[in-house]
Amino acid sequence: MITSETPPRRGLELRTRYTAADVGVLTKAEAKRFVGCSAGDPRTDITLAWELLYRLEPELYDRLVGAERLHPDVVEWLPHNLDRIVEVAAGTGRLTLELVGRAREVVAIEPAAPLREMLEQKLALADHGHRAHVRDGFFDHLPVSDRWTDLVIACSALTPAPGHGGEAGLAEMERVCRTGGCVVIVWPNHLPWLAAHGYEYVSFDGAMFVEFASHEEAAELTEIFYPGGVEEVRRRRLRVVPYDVLGINAPRDLAYKMITR
């Protein structure tokens, strides 16, 4: 968390928001995965900058994901009336709060302690929140038994990079899914990689927007996370911002695989 002694970072783009001095916030296990053999400089490693965001400014991250709403048909596509769901990289609960009404038990796995704390607070206030258990864990070492769950799911987190899933993480998600169950990647990246592992792709139509609380918040968060779009957001005084203005794909899609073995 940012303290009174921390230099102010308001308005700084994410890739310049932190320095190598901030990497000390990571635990040894986190540093092994997210820094590895690199220089450990978030100014040249954007994925490391995201990991620092989760641990230094979790409230800022939560404001962002609160504006990036998933396509309603993505959520509707997910199965109902399940016994168990495992969510990997649950964050502050963007998807978790949708999942707790779909199963008798949900295990939400998140490696960043500040995000786990925020998620637990949200679940304490949510309908069916008591069905969820929040656990520490990484993609490549899930704290779940073999074939334990009906659905394994991750949203906007899995990549081919070893520190953020990779081959080991994908294998772990499939390991904990029962035969006849399903592994789902919401808002997926690297579709050819997933297709090579047997995943099918689904996308839903319709205009989509990032819906900020105010124009001022839109300008502030766009400057940090989508700097290529901030000029137009300011010029047009936008609060509801089309994804094409921000230059990113909208969260309208998923990739899935039925587990048959």
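Counting 0.36 nm for each residue step from N189 to N249 and taking away their Cα separation leaves a gain of 20.6 nm. Between the amide H of L70 and any residue lying 5 or more places away or on another chain, no distance stays under 5 Å, with hydrogens modeled in the peptide plane.
How large is the accessible surface per residue of segment 153-261, computed with a 1.4 Å probe and reported in Å² as a whole number? Write down the numbers at each step before the final one.
Values: 4910 Å² over 109 residues.
Averaged over the residues of segment 153-261, the accessible area is 45 Å².
Take every DSSP beta bridge whose two residues both sit in the chain, then give the antiparallel share in percent to the nearest 5.
40
Given their separation in residues at 0.36 nm each and the Cα-Cα distance between them, A171 and R69 gain 33.9 nm when the chain is fully extended.
Please work out the ratio of the alpha-carbon Rg of segment 1-129 to 2.2 N^0.38 Å and round it to two decimals.
Ratio of Rg to 2.2 N^0.38 Å for segment 1-129: 1.18.
Element breakdown for the chain at a 1.4 angstrom probe: carbon and sulfur atoms account for 51% of the accessible area. A Cβ-based charge dipole, computed about the Cα centre of segment 18-89 with Lys and Arg at +1 and Asp and Glu at -1, lands at about 300 debye. Dipole orientation for segment 1-117: of the candidates L82, A31, G66, A31 has the Cα lying most toward the positive pole (charges on Cβ; Lys, Arg +1; Asp, Glu -1).
So which helices of the chain fit the span-like rule, where a helix is a whole DSSP H run, its Cα atoms reach 18 Å or more along the axis, and its mean Kyte-Doolittle is at least -1.0?
Values: long enough: 113-125 (19 Å, 0.02).
Both cut-offs are met by 113-125.
Every helix of 4 or more DSSP H residues in the chain counts as -39500 (n - 2.57), and over all residues that averages to -9500 deg cm²/dmol at 222 nm. Residue by residue, segment 98-107 carries 3J(HN,Hα) couplings of 7, 7, 5, x, 10, 8, 6, 8, 10, 9 Hz when phi is fed to the Karplus relation 6.51 cos²θ - 1.76 cosθ + 1.60 (θ = phi - 60°); x denotes Gly or Pro.
In this structure, A207 and A124 have a Cβ-Cβ separation that, at R0 = 25 Å, corresponds to a calculated FRET efficiency of about 0.10.
With +1 on each Lys and Arg Cβ and -1 on each Asp and Glu Cβ, how big is the dipole of the chain about its Cα centre, in debye rounded to the nearest 20? Don't skip to the answer; put the middle values down first.
Working: 30 positive and 39 negative charges, 35 e Å.
Dipole about the Cα centre, nearest 20: 160 debye.
Calculate, for segment 1-152, the solvent-accessible area per residue in square angstrom, rolling a 1.4 angstrom probe over the heavy atoms of the protein chains.
Values: 7400 Å² over 152 residues.
Result: 49 Å² of accessible area for each residue.
Each of the peptides 107-116, 85-94 was scored by the mean count of other Cβ atoms within 10 Å over its residues; in descending order, highest first, they stand as 85-94, 107-116. With label points built 7 Å along Cα→Cβ from the Cα atoms of R235 and T19, find their separation and express it in nm. About 3.5 nm, to one decimal. For A132, nonlocal amide neighbours, meaning residues 5 or more places apart or on other chains whose placed amide H falls under 5 Å from its own, are V106.
If contacts are Cα pairs under 8 angstrom and at least 6 residues apart, what is the relative contact order of the chain in percent? Can you show the working numbers first?
Values: 463 pairs, mean separation 46.7, N = 261.
Over the chain, the number comes to 18 percent.
Hey, can you rank 162-175, 199-212 by average C-beta count inside 10 Å, highest first?
Working: 162-175: 18.7, 199-212: 15.1.
Listed from highest to lowest mean packing, they are 162-175, 199-212.
The values are calculated or read from the model by the stated rules, or taken from the named source; none is laboratory data. Fair warning: this is a prediction, and the values are worked out from it, not measured in the lab. Ideal geometry is used to build each Cβ from the backbone, glycine not excepted, and the neighbour counts take in all protein chains shown. For the accessible areas, the whole protein counts, side chains as well, though only heavy atoms, and no ligand, DNA or RNA atoms are used. Shrake-Rupley method; radii C 1.70, N 1.55, O 1.52, S 1.80 Å.
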